[in-house]
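What follows draws every value from the coordinates through simple rules; no lab data is involved. A quick note: this is a predicted structure, and the numbers were derived from the prediction, not measured. When we count neighbours, we look across all protein chains shown, and the Cβ atoms used for this are built from the backbone with ideal geometry, even at glycine.
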Amino acid sequence: MENFKILFPAGYNITEISADNIDVNVLLSNGFFLFCYIFTISNIKNLMNTADLL
């Protein structure tokens, strides 16, 4: 099994547990670096509604 480290570049500060998102970086032991964004369904709906206003 490969070792890895999870990093939160903006810190771990969730204000609304049911409607929020967070950036996550994963550093693997072989030097690969992965980026991902984790969203709740409510947050995606909110972002889509906000985009319609632009």
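General remarks:
- Within the range 19-45, the set of residues being in a strand (DSSP E or B), surrounded by 11 or more Cβ atoms within 10 Å (Cβ to Cβ) and not hydrophobic (A, V, I, L, M, F, W, C) comprises ASN21, ASP23, ASN25.
- Among the residues of the range 1-29, just one is in contact with an Asp or Glu (Cβ under 7 Å, 6 or more places away or on another chain) and among the polar types (S, T, N, Q), namely SER29.
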